[in-house]
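First up is the structure itself, then whatever we jot down about it.
The values are calculated or read from the model by the stated rules, or taken from the named source; none is laboratory data. Source: prediction; values computed, not measured. Note that each Cβ is placed from the backbone with ideal geometry, even for glycine, and that neighbours are counted across all protein chains shown. These area figures cover heavy atoms from the full protein model, side chains too; ligands, DNA and RNA do not enter into them. Shrake-Rupley method; radii C 1.70, N 1.55, O 1.52, S 1.80 Å.
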Amino acid sequence: MDDLKQQIELLESGANLSDTISDVQKAIDLVAAVRNKLDTDPETAPVALARLQRPFKEAMDRVQNDLKPAYKALGKYSKALDKTFKDKPLPTAEDDALSSHPSLINRAIAMHLLREGEFDVASTFLKEATSHPTHAEPTPGTPNPHDEGLSEQDLGTDKLSPQELQAHFQSLYNMLHELRTNRNLEPAIAWAKSQSQLLELRGSNLEFELHQLRFISLFTSKSAQDDYMTDDPESEMDGLLRAWAYARSAFGPFQKRHAAAIQQLMGAMAFAFGVSDSPYKRYFHNNAAWNDVAASFTREYCSLLGLSADSPLYVATTAGTIALPHLLKMQNIMRQKNAEWTTQEELPVEIPLPPSYHFHSIFVCPVTKAQSTDENPPMMLPCRHVISREAMERISRGGRVKCPYCPMESPVKDAKKVVF
C-alpha cells in the first residue's frame, strides 16, 4: 500500500495539465484565425492551409510532450494497482453458500437502501429484482429450498407492512434531520414521550438523555432561538433561568432512576459563568453529545420496530471484509496440505472481529472443543457443569451421564439446555 500511495502522490504532482491546456488553446486559436480569414477571403484557402500545417503540427507536438509525464505516472500507478490488488477468481457456487438464495441478498440490499433513506432507489431496485429475478444456483452441502424471488411484501416484518415500514423510516429520518442539522430536540422528545412505557420496559435511558441534552442546550444558549455559547452575562443568565425552569418541568419523572445525573446537572448551575473550568465541564463541552444522542435515538427507534440499529448488509459486509483475508489464507494452507473444510457450522480459524460485532455469547464445549450450535446447544448437568449436547450423548451410558469434571452422576433427562 505504501508503494501505491507513493505513485498516487507522483501522479498528482507530475500530472500538471496547465501547460497542456495552454498549448491546446494555442492550437485552437491558430485554427480559429485561419477559419475567420477564410470566411472573409475564401480564395486564399490553399495558401492559408499550407501555412497552418507547420505551426499546428508544432503545437500538437508540444501537447504530446506535455502529456508524457502524465502518461508515465499513470503507467506506474496502473502497475502499482495490479501489484497491490492481484486478480483473484470470483467465488463460484461451490464456495458461495448464498448462491442458492439470491432473494435473500436482494432483500438485504433493498432493506439497506430503505434504512438509509433512499426510498426511490429502493423502489427501483425492487422493481428490477422482481422483473429480472436472479437464477438460484445449487450449493453443495447447503439446503436449497425453492427460491421464489423477491417481492415487495418481503420487505415487511412480522408486525409491519412494507408501506408502514417505509413510513416509519421516513419519520425517523425527519426527526434525525431536525436533531442533527437544526439542533431541534422537540420531535424526538415528543416521540420518546409517546413511547415512554415501552422504553421503560426496555430499561432505555433515551428519554432522559434527550431531556438532559435539551437542558444543556438551554444552559449554554444566549436566547431562545440561539443555542451557542456567549460572553454576555445577561444573556447567559437568561439561558440559565430557562434551563432551571426546564429542569423543574422535565426531570421530575426521572429523579428516582437518574438522581445522580440530575444532581450533577443542578450542581453545575453554581458554576454558570465558569463551567469550562468546573468539574462539570464534561457535560457542557462534549462535541460528540449530539451524535451520541442521535445514535441512541436510532437504536431505540429501530428496536421498537423489531430491527437492529445498524443495517444487516453493512454489518455483514464489514465483518466479511475483516474476515476475508484470514479465510483466503486458511484456504491456501488447506489446499497446499490437501485438507478440506468439513463443516459449515463453524469457521476453521478464529476471526478477530471488534467487540461491537460480538452479538451473542459463544460457548465452546470443554470436552469436544467445538462451538455450540442450534443443533448442538450447551447443556447444564445437575452439578452445574456445562458441556455440549453432543459430548453429553457421547459419554452417557444407560441413560445416565457422569460429569467429566466432578464425581457426580445423573440421569440424562435432568440436564437442561442453557441459553446465553
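Scan the stretch 179-198 for residues that are closer than 18 Å to Phe215 by Cβ, of a type in the set (D, E, K, R) and outside any loop (DSSP other than H, G, I, E, B) and the total you get is 2.
In this structure, does Ser356 turn out to be small (Gly, Ala, Ser) and assigned to a strand (DSSP E or B)? Break it down into steps so the answer makes sense when it comes.
Numbers: small (Gly, Ala, Ser): yes; assigned to a strand (DSSP E or B): no.
No.
Residue count for the stretch 27-50, restricted to those that are in contact (Cβ under 8 Å) with a residue 12 or more places away in the chain, farther than 24 Å from Asp66 by Cα and open to solvent by 60 Å² or more (accessible area, probe 1.4 Å): 1.
Beta carbons closer than 9 Å, at least 6 apart along the sequence or on distinct chains, pair a first residue in the stretch 204-218 that is in the same structural domain as Arg257 (by the TED database) and among the β-branched types (Val, Ile, Thr) with a second that is open to solvent by 10 Å² or more (accessible area, probe 1.4 Å) and assigned to a helix (DSSP H, G or I) for Ile216/Tyr283; Ile216/Phe284; Ile216/Ala289. If a residue has to be touching a Gly at 6+ places or on another chain (Cβ under 9 Å) and open to solvent by 80 Å² or more (accessible area, probe 1.4 Å) to count, how many in the stretch 274-325 make the cut? So the count comes out to 1. Among the residues of the stretch 372-403, those identified as open to solvent by 50 Å² or more (accessible area, probe 1.4 Å), within 44 Å of the chain's Cα centre (by Cα) and not hydrophobic (A, V, I, L, M, F, W, C) are Asp374, Glu375, Arg384, His385, Arg389, Glu390, Glu393, Arg394. The residue pairs whose first member lies in the stretch 237-254 and is over 11 Å from His211 (Cα atoms), whose second member is at pLDDT 85 or above, and whose beta carbons are closer than 8 Å, counting only pairs six or more residues apart or on different chains, are Gly239/Leu218; Arg242/Leu218. Residue-level check: of (1) open to solvent by less than 30 Å² (accessible area, probe 1.4 Å); (2) in contact with a strand residue (DSSP E or B) (Cβ under 8 Å, 6 or more places away or on another chain), Ile351 misses just (2).
Just checking: which of the helices (runs of 4 or more DSSP H) contained wholly in the stretch 259-312 hold 2 or more residues that are in contact with a Leu (Cβ under 9 Å, 6 or more places away or on another chain)? Full working, then the answer.
Details: elements: 259-267, 281-284, 289-304.
Counting at least 2 such residues, we get 289-304.
Which residue is surrounded by the most Cβ atoms within 10 Å (Cβ to Cβ), if the candidates are limited to the stretch 165-196 and must be under 20 Å from Glu116 (Cβ atoms) and among the aliphatic types (A, V, I, L, M)? Checking each candidate, the answer is Ala188. Condition check for Ile262 on (1) open to solvent by 50 Å² or more (accessible area, probe 1.4 Å); (2) out of contact with any helix residue (DSSP H, G or I) (no Cβ under 6 Å at 6 or more places or on another chain): one failure, at (1). Here Lys369 meets the list (1) at positive phi; (2) more than 37 Å from the chain's Cα centre (by Cα) almost entirely, failing just condition (2). Filtered by the rule that a residue be surrounded by 13 or more Cβ atoms within 10 Å (Cβ to Cβ) and either outside the structural domain of Ala192 (by the TED database) or assigned to a helix (DSSP H, G or I) (or both), the stretch 242-258 gives Arg242, Ala243, Trp244, Tyr246, Ala247, Ala250, Pro253, Phe254.
Taking the listed residues Asp23, Asp29, Asp3, the one that is modelled with pLDDT under 85 and not hydrophobic (A, V, I, L, M, F, W, C) is Asp3, with no other qualifying. Of all residues in the stretch 404-420, those satisfying the criterion of being open to solvent by less than 100 Å² (accessible area, probe 1.4 Å) and either of a type in the set (S, T, N, Q) or in a loop (DSSP other than H, G, I, E, B) (or both) are Pro404, Cys406, Met408, Ser410, Ala415, Val418.
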